[in-house]
């Protein structure tokens, strides 16, 4: 058995890497978020202010972008969960010979570049894309549907991109559910649906929590796909932060928005963890 001190020594190299390449650069942005923006120079020398944070709370445009980002994250997470759980259940409990081929089909899109996959959805969802052309030829619609530069296009694209993460998390969780517990519930007269709702689903809560947190965090911080499918006008937090830094050179506002996004992600993760643990404990 490894002593606690030896365990800490084993983790020390990883902790140093994370501190040097992640934590310190983030903390270096913290003072910048309290500085004042000076047009033409970026940061006003010697001026400290809370305006960058108060503007996030009071400005209607920033609040709209924040709620849009959170809503997008929740919608994509829910869509990935609803689509991913049946597929993960089939992989975990289906015939053994189909397990590896199904897993390979799930992870195959992850081997493609993110830009390539986003361009593929542009070809499918644009006004003259495959989806609209097919619907028009079938006579179901007269004019093209607006499937891009809005919430619909972003949801479809991000759900496709992050669905494999949810499925892989759920497969591991479902395979860890003891089959004898389900069999015991069945011998006591429970139907298959009741066994699933009362035993399998709560016991797979750790996988649901891990997959949901991963998909949510990746969605609200996504930049490439919202930039391509959302266009220049449909902003989310990541694209707004990018514009503040790279186009407006407003580093103080960009830093404040970055920390606000981090705080929201941590808050949602903490709340989700508490609710899921309580749900699994009650079961």
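The values are calculated or read from the model by the stated rules, or taken from the named source; none is laboratory data. Not measured: the values here are computed from a predicted model. Because the Cβ atoms are built from the backbone with ideal geometry, glycine has one as well, and the counts that use them run over all protein chains shown.
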Screening 119, 75, 165 for residues that are in a helix (DSSP H, G or I) and either at positive phi or out of contact with any helix residue (DSSP H, G or I) (no Cβ under 6 Å at 6 or more places or on another chain) (or both) leaves only 119
Whichever residue in the stretch 227-261 is assigned to a helix (DSSP H, G or I) and without any contact (Cβ under 8 Å) to a residue 12 or more places away in the chain and, among such residues, is nearest to residue 37 (Cα to Cα) | 245
Looking only at the stretch 127-136, and only at residues there that are modelled with pLDDT of 90 or more and closer than 18 Å to residue 230 by Cα, the one that is surrounded by the fewest Cβ atoms within 10 Å (Cβ to Cβ) = 131
Flagged in the stretch 217-250 as over 23 Å from residue 77 (Cβ atoms) and crowded, with 19+ Cβ neighbours inside 10 Å, in numbering order, are 244, 250
Could you tell me whether residue 8 is assigned to a helix (DSSP H, G or I) and over 26 Å from the mean Cα position of the chain (by Cα)?
-> yes
